[in-house]
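First the structure, in the form of structure tokens, and then the observations on it.
Nothing in this text is a laboratory measurement; each read-out follows from the coordinates by a stated rule. All figures in this text were calculated on a predicted structure; none of them were measured in a lab. Ideal geometry is used to build each Cβ from the backbone, glycine not excepted, and the neighbour counts take in all protein chains shown.
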Amino acid sequence: MVAPGGRLMDAIVETFRWLTDAASWTGPRGVLARSLEHLWISLVPLASAMAVAIPAGVLAGHHRRGQAVGAAISNLGRAVPSLALLVFGLLLSVRVLGLGFSFWPIVFTLFFLALQPLFTNSYTAVREADPALLEAARGQGLSERDVLLAVELPVASPVILTAVRITAVQVVATAPLGALAAGGGLGRFIIDGFGQKDDGQMLGGVVLVAVFALLVEFAITRLERRVVPGPLQGRTDAAAVVATGRAN
Amino acid sequence: MRKKRRSHLTVAALSVVALLATACGGDTGGGDPGAGGGVEGPTITVGTVDFAENRILGQIYGQALEHAGYDVEITENIGNRELVAPQLEDGNLDLIVEYTGNALRFERGGEDVEIRDEQEVYDALNEAYADKGLTALRMSEAQDVDAVVVTKETAEEHGLERISDIAGFEGTFRFGGGPECETRLSCFKGLEEVYGLDNVEFVPLDVAGPITVEALKSGEVDGANLFTTQSAIVANDFVVLEDDQQLQLPQNIVPVIRQEIVDAYGDDLVSLINEITTSLTTESLTELNAKVEIDQEDPDAVAEQWLRENGFLEE
């Protein structure tokens, strides 16, 4: 047996070498191109899941019904292991819809994965709005629509945005799975490095995915500060505990 | 009743799961314990690479040894050669089933090997193994060679018969294979370096598995790396392009074992293994593969049936 310490050092050196080699970064299969793919396979499902789950959650929270149905549907995406979702995405994309391998299987997977935290948090955030506040708004003669748009939504916005941030990080970090089904993105380096016994490439891919996820987290945190109404800032993370709970 | 002929995509999907299992080290499975009288000595750990044929072969040798009373552990689906072969050297595995040419190339660090004679390749392999404490036992006449495969339509449309013909392919020839294919001389790297093709592009898929077959069928790639004993070739009417520059070395099936195990058990063990090896043929391998890949039978059940038919499990 080789001393594990020696191997670890080798791996670190290899990783550094791979990451600093210009050839790793350029070309249609370099880090830059793969990062763009990664962004794309994360953004499409995240944006679609937001478009579906946030309005659904907000409306369900406002009317205080449909929660059970919505939660049941969206929870499926979380209760089922991501790998099984990928299998489902693969079948859906290739067999049912004929959309091929490289892009859609992982996009479907991440879409289903993203529904639950977005729906549950949107619902909870709106429902938990201070009843006194709503009573005051209705007492002033605001229509239900105005109550929703001018009171409930702003009050709920920090929690919803936190859910978006946490979901985005999860989507970005799960996207490498797609490489198992012949997909692109940064996961390619991990799978290819593993297959080619190229530790530098494999661990380099791991580092890149982690950095990518941190950048996404950072970017959305900045966005939160701009979008959330001033007085409501700061109550975000405490209220969004639900977002991190899996299959809750 | 076993469900026959499930769709390829279901298989593709399941293989994604298998891939992950691979990464985690695979499962251990054995035949029936306590069948034989029990031979004193070290446990023989049989390891297999993650594709159907190698799993069947691992089960064949493993079950036969177990039945003969040796203490055997079978670890399936470990990964590719890059992962499995070093385990043998490190002593985590004792027996693997190899293919002479690719094993030799691997031992020489992926460099080209000039020789093409079966016996010479085998001898060179044993030479390389000698100072690693490994031995390649008798090789089989059965061979499983990497092949460049296209669909019948592609072959007819572009007039492809030999691998060299790819040079005349209009546009880029997208070639699919497992991730390691890209850097292997016997695979994609050989197309560029030995055939000198500059209109080929590599598309990472799975190792000659269902995703590759589906990608080829659906036209996602123009050609792909499959193995000649693979049932999918006949089942889908694929065309194997002739290897006119002799990129491929002979790939006879050969069990590779740690010398320590041979020393511990002696001739009885070696002659049993050799007997099995001699009974294997390329045709029977293709049939065994079809049972696993198309009929969805389990490798261990297929292996057991073969051993029974060939008189290795009688008592």
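From its DSSP helices (H runs of at least four residues, each -39,500 (n - 2.57)), chain A gives a residue-normalised ellipticity at 222 nm of -23500 deg cm²/dmol.
Of all beta bridges that DSSP places with both ends in chain B, some 55 percent have antiparallel geometry. In sequence order, the range B:209-214 has phi-based couplings of x, x, 5, 4, 4, 5 Hz under the Karplus curve 6.51 cos²θ - 1.76 cosθ + 1.60, θ = phi - 60°, and Gly or Pro positions carry x. Note on the range B:78-97 and the range B:241-315: Cα centroid distance 17 Å, given to the nearest whole angstrom. Close amide H partners of residue B:148, meaning residues 5 or more places away or on another chain with modelled amide H under 5 Å apart, are B:241. Legend: mean number of C-beta atoms from other chains within 10 angstrom of residue C-beta atoms, peptide A:187-199, equals 5.
Taking 29 Å as the cut-off for C-alpha to C-alpha distance, list the pairs among B:152/B:291; B:152/B:189; B:132/B:291 that go past it. Present the calculation step by step, with values, prior to reporting the outcome.
Numbers: B:152/B:291 24 Å; B:152/B:189 24 Å; B:132/B:291 36 Å.
Pairs exceeding 29 Å: B:132/B:291.
Take the alpha-carbon positions of the range A:31-244, form their convex hull, and give its projected area averaged over all directions (one quarter of the hull surface) in nm². Please report the intermediate quantities before stating the final value.
Numbers: hull surface 51.5 nm².
Taking the Cα atoms of the range A:31-244, their convex hull projects to 12.9 nm² on average.
Find out how many positive minus negative residues lie around residue B:214, taking Lys and Arg as positive, Asp and Glu as negative, among other residues whose Cβ is under 11 Å from that of residue B:214.
Details: positive: A:95, B:217; negative: B:206, B:220.
Residues near residue B:214 contribute 0 overall.
Enter the per residue convex hull volume of the range B:146-240, computed from alpha-carbon coordinates, in Å³ rounded to the nearest integer.
Each residue corresponds to 81 Å³ of Cα convex hull volume.
Shielding of peptide A:213-222 by partners, expressed as the average count of other chain Cβ atoms within 10 Å per residue Cβ, is 0.
Over the range B:102-148, how many percent of alpha carbon pairs lie in each 5 Å bin up to the one with the longest distance? With 5 Å bins starting at 0, P(r) equals 5, 19, 30, 28, 15, 3, 1. Over the range A:31-244, Cα pairs under 8 Å with separation of 6+ residues give a relative contact order of 26 percent. Please list, ordered by chain and number, the residues whose modelled amide H lies under 5 Å from the amide H of residue B:203; skip anything fewer than 5 residues away on the same chain. The answer is B:175, B:176, B:177. Applying the criteria of a DSSP loop state and at most 11 other Cβ atoms within 10 Å to the GluC sites (Glu not before Pro) of the range A:35-140 yields no site.
Sites listed here are chymotrypsin sites (Phe, Trp or Tyr not before Pro) in the range A:82-188 whose DSSP assignment is loop and whose Cβ has at most 16 other Cβ atoms within 10 Å, and the list is empty. The GNM of chain B, with springs linking C-alpha atoms under 10 angstrom apart, assigns the highest mean-square fluctuation among B:267, B:222, B:146 to B:267. Note on residue A:95 and residue B:281: the model spin-label points, each 7 Å out from Cα along the C-beta direction, lie 3.6 nm apart.
Which value at 222 nm does chain B reach when only helices count, each DSSP H run of 4 or more adding -39,500 (n - 2.57), with the total divided by all residues and rounded to the nearest 500 deg cm²/dmol? Numbers along the way, then the final one.
Numbers: 13 runs with 132 residues, N = 315.
Calculated from helices alone, the mean residue ellipticity at 222 nm is -12500 deg cm²/dmol.
Using only Cα atoms, figure out Rg for the protein assembly as shown and give it as a multiple of 2.2 N^0.38 Å.
Working: Rg = 27.9 Å, N = 563, 2.2 N^0.38 = 24.4 Å.
Its radius of gyration relative to the 2.2 N^0.38 Å reference: 1.14.
Given a Förster distance of 51 Å, report the FRET efficiency between residue B:235 and residue A:21 from their Cβ-Cβ distance, rounded to the nearest 0.05. Don't skip to the end; give the middle numbers.
Working: r = 42 Å, r/R0 = 0.83.
The pair residue B:235/residue A:21 has a calculated efficiency of 0.75.
Relative to the globular-protein estimate of 2.2 N^0.38 Å, the Cα radius of gyration of the range B:213-253 stands at 1.28. Relative contact order of the range B:162-207: 48 percent, from C-alpha pairs under 8 Å at least 6 residues apart in sequence.
Normalised by residue number, the volume inside the convex hull of the Cα atoms of the range B:211-305 is 151 Å³ per residue. Of the two radii for the range A:1-122, the radius of gyration is 1.17 times the Kirkwood radius, both from the alpha carbons; that is the Rg over Rh value. Most simply put, the protein assembly as shown has about 55% antiparallel DSSP beta bridges, counting only bridges with both residues inside it.
FRET efficiency for the pair residue A:226 and residue B:198, taken as 1/(1 + (r/R0)^6) with r the Cβ-Cβ distance and R0 = 60 Å, rounds to 0.75. Mind running the shape call on the range A:96-179? Use the C-alpha gyration tensor, a ≥ b ≥ c as the square roots of the eigenvalues: rounded below 1.5 for a/c, prolate if a/b tops b/c, oblate otherwise. Prolate shape, in that a/c is at least 1.5 and a/b is the bigger ratio. Per-peptide packing, taken as the mean over residues of other Cβ atoms within 10 Å, places A:20-32, A:57-69, B:288-300, A:176-188 in the sequence A:176-188, B:288-300, A:57-69, A:20-32 from highest down.
Please compute, for peptide B:212-223, the average count of beta-carbon atoms on other protein chains lying within 10 Å of each residue's beta-carbon. The partial results should precede the final answer.
Numbers: counts 1, 0, 6, 5, 0, 0, 4, 1, 5, 2, 0, 0.
Mean shielding by partner chains, rounded to a whole number: 2.
The loop-placed trypsin sites (Lys or Arg not before Pro) in the range B:87-170, going by DSSP, that have at most 15 neighbouring Cβ atoms within 10 Å of their Cβ come out as B:108, B:116, B:132. Dividing the mean sequence gap of close Cα pairs (under 8 Å, 6+ apart) by how many residues chain B holds gives a relative contact order of 25 percent.
Rounded to the nearest whole Å³, what is the per residue volume of the convex hull around the Cα atoms of chain B? The partial results should precede the final answer.
Working: hull volume 38.7 nm³, N = 315.
Normalising the Cα hull of chain B by residue number yields 123 Å³.
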